[in-house]
Amino acid sequence: MNENGGQPVRVNEGWKCLKHNSDYNLAKRIRTGDRAAFRQLVEEYQDRMYGVALGIVRNNEDAMDITQEAFLKVHQKIERFEGGSRLYTWMYRIVVNLCIDHTRRTRKRKPVMYDEQVIHKNEDAVQGGDIAPYQLPNPDQALGRKELIRAVEKAMNKLSSNHRQVIVLREIEGLSYKEISEILNVSVGTVMSRLHHARQKMQSSLRRIQ
């Protein structure tokens with residue numbers, strides 16, 4: 001009960017509602033041809049979209065191409081966004097689908113180093129198409145960081161595309177099971193199962209590497 005005797009105010013839910021309305025209004029502005037609104041959308045989400053793409057396809061240039069294609073599709077399909085979910089959930093579904101299509105076409109391509117920008121979600125990443133370097137305090141820490149990244153890289157490379165998707169969306173992006181299920185168009189139970197097996201495989205790989 002609140003001080004007025006009514007039901008307690010759910011602040012988080014209220015914030016989500018406001019954010020949801022803000023997303024819908026932004027999408028509405030884009031539909032009217034507001035270029036500034038679309039630039040705002042790109043600036044707000046490009047780092048996270050790129051991070052998701054890189055985590056799944058494992059190649060910097062491919063991830064950048066997919067991110068650009070994803071925003072093009074967002075612009076083309078913005079009329080389809082009806083506000084039933086958060087805007088970023090709808091957008092992530094687009095970028096993940098593009099990653100899935102890309103993975104199917106290039107299964108034999110050798111993956112490259114997993115960029116540590118995705119692990120640390122550096123706020124300065126992806127400016128003008130370049131990835132800003134992550135600054136480390138001293139050489140010893142830099143060496144330890146590189147070793148950790150190489151270990152995670154090897155473990156991630158051993159995962160299937162389905163398992164990489166849930167690891168990236170849950171562990172790196174911090175999305176809820178429900179949001180991931182909407183993005184991947186699978187049940188929450190399937191998300192939980194894939195995540196469980198992905199974590200087990202990651203842990204097993206990391207133990208062997210160590």
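Values quoted throughout were computed directly from the atomic coordinates according to the rules given, and no laboratory measurement underlies them. Note that the structure is a prediction, hence the values are computed from the model and not measured. Cβ sites come from the backbone with ideal geometry, for glycine too, and all protein chains shown count toward neighbours.
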Task: Calculated FRET efficiency for the pair R150/D65, C-beta based, R₀ 22 Å, to 0.05 - done: 0.30
Task: Protection-proxy order for peptides 73-81, 46-54, 89-97, each taking the mean of Cβ atoms within 10 Å per residue, highest first - done: 46-54, 89-97, 73-81
Open item on the list: For q values of 0.26, 0.30 Å⁻¹, compute log₁₀ I(q)/I(0) with the Debye formula on a Cα-only model of the stretch 150-192, without solvent.
Closed with: -0.87, -1.03
Task: Spin-label zone in the stretch 173-193 - amide nitrogen under 17 Å from a point set 7 Å from the Cα of Q203 along the C-beta vector - done: 192-193
Task: Extension gain (nm, one decimal) between H196 and K158, 0.36 nm per residue minus Cα-Cα - done: 12.2 nm
- [ ] Compute the signed sum of charges (Lys and Arg +1, Asp and Glu -1) over the other residues within less than 13 Å, Cβ to Cβ, of L98.
- [x] +1
Task: Where only alpha carbons of the stretch 23-111 are counted, the Rg and the Dmax (Å) - done: 13.5, 42
